[in-house]
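Trainee: One structure follows; several queries about it will come next.
The values are calculated or read from the model by the stated rules, or taken from the named source; none is laboratory data. Predicted model only: the values in this text are computed from it and were never measured. Cβ coordinates were reconstructed from backbone atoms using ideal geometry, including for glycine residues, and neighbour counts include every protein chain displayed. Calculation scope for accessible area: heavy atoms of the full protein, side chains included, ligands and nucleic acids excluded. Shrake-Rupley method; radii C 1.70, N 1.55, O 1.52, S 1.80 Å.
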Amino acid sequence: MRFSRFSFRLNLWYASIFILSAVLLFTAAYFLLGTALQRKDREVIESRLNEYAAIYQSRGISTLRAWIDRSGDAQQSDRPLFVRVVNRFNQILLLVAPPEWVEVKPPTFELGIPQQVVWLRIPRSAERDLVLASMRFPDGSVMQVGRSTNSRELILDPFRRIFFALTLVIVALGCVGGVFFARRVMRPVRQIVSTTQSIIRTGDLSRRVPHRSAEDELDQMAELFNQLLARNQSLIQSMRESLDNVAHDLRTPLARLRGTAEVALRANDEPAQMRDALADCIEESDKVLTILKTLMDVAEAESGLMSLTKEPTDLRDILREVVDLYSDVAEERRISVTPHLAEPCEARVDRTRIRQAFANLLDNAIKYTDPGGRVEIDAHKHGNEILIHFRDTGIGIPAEELDKIWERLYRGDKSRSQRGLGLGLSLVKAFVEAHGGRVEVQSQVGRGSEFIVRLPS
Ligand code: ADP
């Protein structure tokens, strides 16, 4: 209801502004037209005055009378001319005026004001104005030339009438246009409202606001709203999946834990057996906890919700730390680890997460390489990326397993003998991708593997 009131207000604003502008436009046009006509009247009358004054002064009053009669100016029925000449005793020497004007008796000329245009209003009932110009001559006589301005009224009157008729049309048009535009403008908002209502009603997160190709702000709002819905949907989807996965992945170790506990219960009077079973239980619980923690980290990174504390870092420092961390294990297995870290490799990363990813890759390289083998780490800048290679001379990965190794809890057939949960590479992938990077692998069975991490610099 509030929505429709808003669109009504929009409509009202639109209609009022439209009508007001139209009225202003007409009023301005009316006054401009009126002023132009008035100026024209004055110009005509002043030029006649000058013309008649010249004739009067050079040839006298009778020539002027003959001139006026001949020119026919006085006979023009629509715009009759008024000419009057009085001497300095205020006696009329010449009077040319339409018959009906004689009755009206134009007021006597006021001496002392030489050349001036005077407005003279004949009674309003006559519905006409007179524009009057006068000139005083050196002998004291005065000439007045006037003209009715009723033709001005003739032009302006229909204009006024059209204007009032048009006002009604404009008001109607403003209201109809207002309703039309308010409905059009509010359409994306209405669509957002109905989409939201339908999501609330049905719980169907896949509903979207219909897309329009126009690029105005409201369409952008609808587009952003759709993006928000898509993001929410994918977050909820990935949360559901994570929950399913965690439940699924924890089932096996928990079943094992339960089995071990049952064995302990059955070994009634055998303290040594019970102690062994309890130790197994603790080991299994630790495994469950590690799995849980890693699964949560991977799920968080994959959903895009992981908060990364990125800071400018030379990745060589992290690699040196990791190599240092694994030096004992490598030595124990008689594997040489050689870092090639010649050039600076600056990138904005979350050090803890990237250290974890690098550690997993080095851990795998050492774990899956037979004693006496080699592991080489190489980091360099390539375009706007930093490339880090982990190369080993280990057992390699069969081609059919190359896609699967990134899956959670996947363990290669030949790897079962080694410790591991099958979560290392999924964590590497999730963390590197959370940084906007990629991780790739190349491998040949029996010859070794190469993992390449690409991070934006
Ligand atoms: P885990 O090492 O715990 O088994 P990972 O997710 O780290 O789990 O690796 C998944 C699988 O990928 C491993 O079981 C192994 O088969 C294969 N793999 C990973 N790294 C290497 C490597 N450097 N050399 C050979 N195989 C590897």
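Trainee: Give the stretch 364-405 a look and list any residue that's more than 23 Å from residue 298 (Cβ to Cβ), touching a Leu at 6+ places or on another chain (Cβ under 8 Å) and near the ligand (Cβ under 8 Å from one of its atoms), or say none.
Mentor: Across the stretch 364-405, there are no qualifying residues.
Trainee: Open to solvent by 20 Å² or more (accessible area, probe 1.4 Å), within 13 Å of the ligand (Cβ to nearest atom) and either part of a strand (DSSP E or B) or of a type in the set (D, E, K, R) (or both) - does that describe any residue in the stretch 341-362?
Mentor: No, there is no match, as no residue in the stretch 341-362 is open to solvent by 20 Å² or more (accessible area, probe 1.4 Å), within 13 Å of the ligand (Cβ to nearest atom) and either part of a strand (DSSP E or B) or of a type in the set (D, E, K, R) (or both).
Trainee: Take the conditions over 43 Å from the mean Cα position of the chain (by Cα) and either open to solvent by less than 40 Å² (accessible area, probe 1.4 Å) or within 16 Å of the ligand (Cβ to nearest atom) (or both) and apply them to residue 408. Does it pass?
Mentor: Taking the combined requirement at face value, the residue does not satisfy it.
Trainee: Let me ask something additional. Going through the stretch 237-259 one residue at a time, which ones are open to solvent by less than 100 Å² (accessible area, probe 1.4 Å) and either modelled with pLDDT of 85 or more or not in a helix (DSSP H, G or I) (or both)?
Mentor: Correct list: 254, 255, 257, 259.
Trainee: Kindly indicate the residue of the stretch 260-286 that is part of a helix (DSSP H, G or I) and among the small types (Gly, Ala, Ser) and also farthest from residue 205 (Cα to Cα) among those meeting that condition.
Mentor: We begin by selecting, within the stretch 260-286, every residue part of a helix (DSSP H, G or I); these are 260-266, 271-286.
Restricting the remaining residues to those that are among the small types (Gly, Ala, Ser) gives 261, 264, 272, 277, 279, 285.
Details: 261: 44, 264: 49, 272: 57, 277: 48, 279: 47, 285: 38 Å.
Here the answer is 272.
Trainee: Any idea how many residues of the stretch 401-422 are hydrophobic (A, V, I, L, M, F, W, C) and touching a Gly at 6+ places or on another chain (Cβ under 8 Å)? I'd like the intermediate steps shown before the answer.
Mentor: The initial filter retains those residues of the stretch 401-422 that are hydrophobic (A, V, I, L, M, F, W, C), namely 402, 405-406, 409, 421.
Within this subset, residues satisfying the condition of being touching a Gly at 6+ places or on another chain (Cβ under 8 Å) are 405, 409.
The number of residues fulfilling the criteria is 2.
Trainee: Just one of the numbered conditions (1) within 11 Å of the ligand (Cβ to nearest atom); (2) out of contact with any helix residue (DSSP H, G or I) (no Cβ under 6 Å at 6 or more places or on another chain) is not true of residue 440; which one?
Mentor: (1)
Trainee: I would also like to ask the following. Counting only residues that are surrounded by fewer than 22 Cβ atoms within 10 Å (Cβ to Cβ) and on the phi < 0 side of the Ramachandran plot, how many does the stretch 377-389 have?
Mentor: Qualifying residue count for the region: 8.
Trainee: Please work out which residue is least open to solvent (accessible area, probe 1.4 Å), limiting yourself to the stretch 415-432 and to residues that are without any contact (Cβ under 8 Å) to a residue 24 or more places away in the chain and more than 6 Å from the ligand (Cβ to nearest atom).
Mentor: Within the stretch 415-432, the match that is least open to solvent (accessible area, probe 1.4 Å) is 429.
Trainee: In this structure, does residue 409 turn out to be in contact with a Ser or Thr (Cβ under 9 Å, 6 or more places away or on another chain) and farther than 13 Å from residue 323 by Cα?
Mentor: Taking the combined requirement at face value, the residue satisfies it.
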